[in-house]
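**Q** Provided herewith is a single structure, encoded as structure tokens, for subsequent inquiry.
The values are calculated or read from the model by the stated rules, or taken from the named source; none is laboratory data. The shown structure was predicted, so the numbers you read here are calculated from the model rather than taken from an experiment. Glycine also receives a Cβ, built like all others from the backbone with ideal geometry; neighbour counts cover every protein chain displayed. Note: accessible area is taken over every heavy atom of the protein model, side chains too, but ligands, DNA and RNA are not part of it. Shrake-Rupley method; radii C 1.70, N 1.55, O 1.52, S 1.80 Å.
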Amino acid sequence: RSVYDDQPNAHQRFMEKLDACIRNHDREIEKMCNFHHQGFVDAITELLKVRADAEKLKVQVTDTNRRLQDAGKEVIAQTEEIIRCRVQQRNITTVVEKLQLCLPVLEMYSKLKEQMNVKRYYSALKTMEQLENLYLPRVSQYRFCQIMIENLPKLREEIKEISMSDLKDFLESIRKHSDRIGETAMKQAQQQKTFSTSLQKQNNVNYGRNMHLGRSRILESKNEITLKRTFEEDDEHEEEVLTAQDLVDFSPVYRCLHIYSVLGDGEIFENYYRKQRRKQARLVLQPQSSMHETVEGYRRYFSQIVGFFVVEDHILHVTQGLVTRTYTDELWNMALSKIIAVLRTHSSYCSDPDLVLELKNLIVVFADTLQGYGFPVNRLFDLLFEIRDQYNETLLKKWSGLFRDIFEADNYSPIPVANEEEYKIVISKFPFQDPELDKQSFPKKLPMSQSVPQIYIQVKEFIYASLKFSESLHRSSTEIDDMLRKSTNLLLTRTLSSCLQNLIKKPHIGLTELVQIIINTTHLEQACKYLEDFISNITNISQVTVHTARLYGLSTFK
């Protein structure tokens with residue numbers, strides 16, 4: 001600091017002291033070097049001695065290394081071979097592991113192809129589902145798996161197209177076989193009803209048991225023979241009766257439903273099926289223009305409709321949700337309205353009572369068949385009452401012609417009877433009682449002419465014909481009795497009365513014929529009570545019943 005402060009002679013003194021310090025350090029360094037110099041010389045000497053030994057060692061190490069290298073070449077070669085084998089072994093193990101993952105995928109895909117070939121499409125879809133969810137994710141890094149994944153949607157579409165094609169074939173098949181299915185179902189319904197109907201007929205067929213025993217026995221024997229033949233025919237053909245499942249293979253619709261359900265398109269399938277069936281229903285309900293001309297036309301029409309609804313009922317009960325009860329009821333109500341309109345139109349063209357009766361029987365069988373499948377048929381039986389009025393009108397027209405023929409063929413003279421047999425023949429046809437005439441000896445004459453027994457027989461035949469329509473209408477005996485009496489009243493008050501009025505106006509009818517006509521009319525008037533008894537015996541309804549209608553024949557003939 002004194003140097004920097006410029007004190008007098010400070011710099012010189014500092015330099016002197018610095019030189020003195022340097023000289024002291026030089027002397028200490030020289031002392032230390034002198035102390036270690038001999039050790040350094042000794043170390044150099046030792047190193048020079050070791051140099052020769054190091055050269056020898058180097059030569060020995062080089063020789064040893066050369067010999068070791070030569071000896072290790074074979075080991076190295078074998079070691080490299082071992083390494084290569086170990087790599088191969090590891091690769092093989094890896095390949096086996098990967099193949100074990102891939103083989104199930106390939107097996108499942110092969111199984112899928114086989115299922116497609118044998119048309120087991122539902123099983124194929126299940127296999128696809130397993131492939132996608134379980135097998136393919138494990139090996140998705142491989143190219144062949146990507147190809148499989150790309151093909152699966154195509155296979156699904158192919159299955160949908162094939163199943164839809166099968167469904168269309170199925171719909172075409174049931175359209176073709178609906179008449180056979182319906183015919184079979186109607187036949188089965190008839191067979192089931194035969195036994196109960198036969199018992200009912202046997203209870204109701206005591207026609208005139210008290211007063212007309214001969215005719216009743218004949219009718220009963222005819223009914224027994226008919227029933228026997230019916231049962232025999234049913235036994236013969238029982239084994240031949242086929243069901244809807246026997247006539248139509250329903251597997252396509254089951255398969256298609258399952259396939260679309262698995263693919264998540266169940267609603268699309270249901271809508272398509274119902275739409276197509278509605279179209280078929282409209283075709284089935286469309287009658288042929290000449291249907292009213294023959295019974296077969298009506299039979300085929302009813303068979304097709306029954307077949308259609310039998311199939312729908314079968315689909316309803318064996319599938320879940322494809323069709324519902326609401327859907328079938330709606331379809332039936334639509335069909336029923338169309339059927340009733342068609343029958344009203346076409347039945348109005350029928351002028352043959354036998355054809356109308358056949359139509360009625362077909363409608364009854366048709367209604368009973370569908371009722372057995374749970375469809376409401378009350379409107380059909382209401383329609384039968386409309387057709388019954390038309391049937392009665394055709395009967396009245398037919399009997400009007402019969403009455404005219406009888407009146408024209410009559411000679412309007414008393415019936416001569418030569419012996420007891422001829423007398424019994426006449427009274428078996430007409431309930432004639434005259435104690436005074438019974439006392440007379442043969443030959444003798446009955447007061448009425450030939451037309452009276454014939455008219456009486458024809459009135460009874462009319463009652464029988466009217467009864468045929470009233471059977472199987474699910475009506476009580478009282479209602480049937482009322483129907484018969486009303487139709488018989490129409491026959492007497494309108495048809496027979498009109499024929500008699502026209503008869504007496506004819507120019508060839510003289511005084512003698514008029515007198516005989518008066519006598520004939522008197523006997524017909526007296527026979528009306530026997531007609532009432534005849535109807536009561538048929539229907540088993542007593543005449544004392546409050547609601548029993550009376551025949552107007554008495555007042556008409558008066």
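**Q** Can you pull out every residue in the range 320-370 that is farther than 22 Å from Gln288 by Cα, among the hydroxyl-bearing types (Ser, Thr, Tyr) and in contact with a helix residue (DSSP H, G or I) (Cβ under 6 Å, 6 or more places away or on another chain)?
**A** Passing the criteria: Thr328, Thr369.
**Q** Let me ask another. Step by step: first the residues of the range 30-43, then only those that are open to solvent by less than 100 Å² (accessible area, probe 1.4 Å) and aliphatic (A, V, I, L, M), then the one that is farthest from the chain's Cα centre (by Cα). Which residue is that? First the steps, then the outcome.
**A** We begin by selecting, within the range 30-43, every residue open to solvent by less than 100 Å² (accessible area, probe 1.4 Å); these are 33, 39, 41-43.
With the extra rule that they be aliphatic (A, V, I, L, M), the set shrinks to 41, 43.
Working: Val41: 124, Ala43: 119 Å.
Here the residue is Val41.
**Q** Then there is this: Return a yes/no flag: does the range 439-453 have any residue that is over 20 Å from Leu491 (Cα atoms) and in a helix (DSSP H, G or I).
**A** Checked against the condition, which is being over 20 Å from Leu491 (Cα atoms) and in a helix (DSSP H, G or I), the range 439-453 yields at least one hit.
**Q** Scan the range 413-431 and report the pairs whose first residue is β-branched (Val, Ile, Thr) and whose second residue is in a helix (DSSP H, G or I), with Cβ atoms within less than 7 Å and a gap of 6+ or a chain change.
**A** Close Cβ pairs satisfying both conditions: Ile415/Val426; Val417/Tyr423; Val417/Val426; Val426/Pro453.
**Q** When the range 315-324 is examined, which residues are found to be part of a helix (DSSP H, G or I) and either in contact (Cβ under 8 Å) with a residue 40 or more places away in the chain or among the hydroxyl-bearing types (Ser, Thr, Tyr) (or both)? Reasoning before the result, please.
**A** Just the residues of the range 315-324 that are part of a helix (DSSP H, G or I), to begin with: 315-318.
Residues satisfying the conditions are Ile315, Val318.
**Q** Within the range 145-157, restricting attention to residues that are open to solvent by 10 Å² or more (accessible area, probe 1.4 Å) and touching a residue at least 24 places away in the same chain (Cβ under 8 Å), which residue is nearest to Lys98 (Cα to Cα)?
**A** Filtering the range 145-157 for residues open to solvent by 10 Å² or more (accessible area, probe 1.4 Å) gives 146-151, 153-157.
Imposing the further condition that a residue be touching a residue at least 24 places away in the same chain (Cβ under 8 Å) reduces the set to 148, 155-156.
Details: Met148: 17, Leu155: 26, Arg156: 28 Å.
Once the filter is applied, the top-ranked residue is Met148.
**Q** Considering the range 429-438 alone, what residues qualify as being in a helix (DSSP H, G or I), modelled with pLDDT under 85 and either within 21 Å of Gly510 (Cα to Cα) or not hydrophobic (A, V, I, L, M, F, W, C) (or both)? Lay out the reasoning, then the answer.
**A** We begin by selecting, within the range 429-438, every residue in a helix (DSSP H, G or I); these are 429, 435-438.
With the extra rule that they be modelled with pLDDT under 85, the set shrinks to 435-438.
Pro435, Glu436, Asp438, listed by residue number.
**Q** Could you tell me which of the residues Leu68, Leu47 is open to solvent by 100 Å² or more (accessible area, probe 1.4 Å), in a helix (DSSP H, G or I), modelled with pLDDT of 90 or more and hydrophobic (A, V, I, L, M, F, W, C)? Quick ask: steps written out before the conclusion?
**A** On the way: Leu47 fails: modelled with pLDDT of 90 or more.
Among Leu68, Leu47, only Leu68 is open to solvent by 100 Å² or more (accessible area, probe 1.4 Å), in a helix (DSSP H, G or I), modelled with pLDDT of 90 or more and hydrophobic (A, V, I, L, M, F, W, C).
**Q** Kindly check whether there is at least one residue in the range 478-492 that is touching a residue at least 60 places away in the same chain (Cβ under 8 Å) and part of a loop (DSSP other than H, G, I, E, B).
**A** No, because not a single residue in the range 478-492 is touching a residue at least 60 places away in the same chain (Cβ under 8 Å) and part of a loop (DSSP other than H, G, I, E, B).
**Q** Okay, moving on. Restricting attention to the range 352-361, which residues are aliphatic (A, V, I, L, M) and open to solvent by 10 Å² or more (accessible area, probe 1.4 Å)? Show your work before the answer.
**A** Pass one, the range 352-361, residues aliphatic (A, V, I, L, M): 355-357, 359.
Listed by number, the residues that qualify are Leu355, Leu357.
**Q** Determine if the range 129-141 includes at least one residue that is among the acidic types (Asp, Glu), out of contact with any strand residue (DSSP E or B) (no Cβ under 9 Å at 6 or more places or on another chain), in a helix (DSSP H, G or I) and farther than 25 Å from Arg255 by Cβ.
**A** So in the range 129-141, the residues among the acidic types (Asp, Glu) come out as 129, 132.
Then keep just the ones that are out of contact with any strand residue (DSSP E or B) (no Cβ under 9 Å at 6 or more places or on another chain); that gives 129, 132.
So of that shortlist, the ones also in a helix (DSSP H, G or I) come out as 129, 132.
Adding the requirement that they be farther than 25 Å from Arg255 by Cβ leaves none.
No, because not a single residue in the range 129-141 is among the acidic types (Asp, Glu), out of contact with any strand residue (DSSP E or B) (no Cβ under 9 Å at 6 or more places or on another chain), in a helix (DSSP H, G or I) and farther than 25 Å from Arg255 by Cβ.
**Q** Any idea which of Val342, Val318 is aliphatic (A, V, I, L, M) and closer than 19 Å to Arg388 by Cα? Before you say what the answer is, go through the steps one by one.
**A** On the way: Val318 fails: closer than 19 Å to Arg388 by Cα.
Unique residue meeting the criteria: Val342.
**Q** Scanning for something assigned by the TED database to the domain that holds Arg282, in a loop (DSSP other than H, G, I, E, B) and at pLDDT below 90, does the range 331-342 turn up at least one residue? Before you say what the answer is, go through the steps one by one.
**A** Pass one, the range 331-342, residues assigned by the TED database to the domain that holds Arg282: 331-342.
Subset that is in a loop (DSSP other than H, G, I, E, B): none.
Checked against the condition, which is being assigned by the TED database to the domain that holds Arg282, in a loop (DSSP other than H, G, I, E, B) and at pLDDT below 90, the range 331-342 yields no hits at all.
**Q** Being crowded, with 16+ Cβ neighbours inside 10 Å and of a type outside the set (S, T, N, Q) is the filter here, so list the residues in the range 325-351 that pass it.
**A** Residues of the range 325-351 that are crowded, with 16+ Cβ neighbours inside 10 Å, as a first pass: 327-328, 331-332, 335-336, 338-339, 342-343, 346-347, 350.
Correct list: Tyr327, Leu331, Trp332, Ala335, Leu336, Lys338, Ile339, Val342, Leu343, His346, Cys350.
**Q** Has the range 372-391 got any residue that is within 29 Å of Pro447 (Cα to Cα), among the small types (Gly, Ala, Ser) and open to solvent by 20 Å² or more (accessible area, probe 1.4 Å)? Talk me through it step by step, then tell me what you get.
**A** Restricting attention to the range 372-391, the residues satisfying the condition of being within 29 Å of Pro447 (Cα to Cα) are none.
The answer is no, given that none of the residues of the range 372-391 is within 29 Å of Pro447 (Cα to Cα), among the small types (Gly, Ala, Ser) and open to solvent by 20 Å² or more (accessible area, probe 1.4 Å).
**Q** Looking only at residues that are farther than 11 Å from Glu408 by Cα and not hydrophobic (A, V, I, L, M, F, W, C) in the range 496-507, which one is surrounded by the fewest Cβ atoms within 10 Å (Cβ to Cβ)?
**A** Pro507
**Q** Now a separate question. Among (1) surrounded by 18 or more Cβ atoms within 10 Å (Cβ to Cβ); (2) part of a helix (DSSP H, G or I); (3) of a type in the set (S, T, N, Q), which single condition is Ser472 missing?
**A** (2)
**Q** How many residues are free of Cβ contacts under 8 Å to residues at least 60 places away in the same chain and under 17 Å from the mean Cα position of the chain (by Cα) when one looks only at the range 273-300?
**A** 6
**Q** I've got another one for you. Within the bounds of the range 369-382, is there any residue that is assigned to a helix (DSSP H, G or I) and in contact with a Lys or Arg (Cβ under 7 Å, 6 or more places away or on another chain)?
**A** Looking only at the range 369-382, we keep the residues that are assigned to a helix (DSSP H, G or I), and these are 369-372, 378-382.
Okay, now just the ones that are also in contact with a Lys or Arg (Cβ under 7 Å, 6 or more places away or on another chain), so none.
The answer is no, given that none of the residues of the range 369-382 is assigned to a helix (DSSP H, G or I) and in contact with a Lys or Arg (Cβ under 7 Å, 6 or more places away or on another chain).
**Q** Out of Asp63, Asp53, which single residue is without any contact (Cβ under 8 Å) to a residue 60 or more places away in the chain and open to solvent by 80 Å² or more (accessible area, probe 1.4 Å)? Step through it out loud before you land on a result.
**A** Values: Asp63 fails: open to solvent by 80 Å² or more (accessible area, probe 1.4 Å).
Answer to the check: Asp53.
**Q** Can you tell me how many residues in the range 508-543 are in a helix (DSSP H, G or I) and surrounded by 14 or more Cβ atoms within 10 Å (Cβ to Cβ)?
**A** Looking only at the range 508-543, we keep the residues that are in a helix (DSSP H, G or I), and these are 511-539.
Subsequent filtering for residues that are surrounded by 14 or more Cβ atoms within 10 Å (Cβ to Cβ) retains 513, 516-517, 519-539.
Final tally of qualifying residues: 24.
**Q** Among the residues that make up the range 399-410, is at least one of them of a type in the set (D, E, K, R), crowded, with 18+ Cβ neighbours inside 10 Å and not in a strand (DSSP E or B)?
**A** Initially, the range 399-410 is screened for residues of a type in the set (D, E, K, R), giving 404-405, 408, 410.
Checking the rest, the ones that are also crowded, with 18+ Cβ neighbours inside 10 Å come to 410.
Remaining after also requiring not in a strand (DSSP E or B): 410.
Scanning the range 399-410, I find at least one residue that is of a type in the set (D, E, K, R), crowded, with 18+ Cβ neighbours inside 10 Å and not in a strand (DSSP E or B), so the answer is yes.
**Q** Checking the structure you have, find out if any residue of the range 132-154 is assigned by the TED database to the domain that holds Glu312, in contact with a Pro (Cβ under 8 Å, 6 or more places away or on another chain) and of a type in the set (Ser, Thr, Tyr).
**A** For the range 132-154, residues assigned by the TED database to the domain that holds Glu312, in contact with a Pro (Cβ under 8 Å, 6 or more places away or on another chain) and of a type in the set (Ser, Thr, Tyr): absent.
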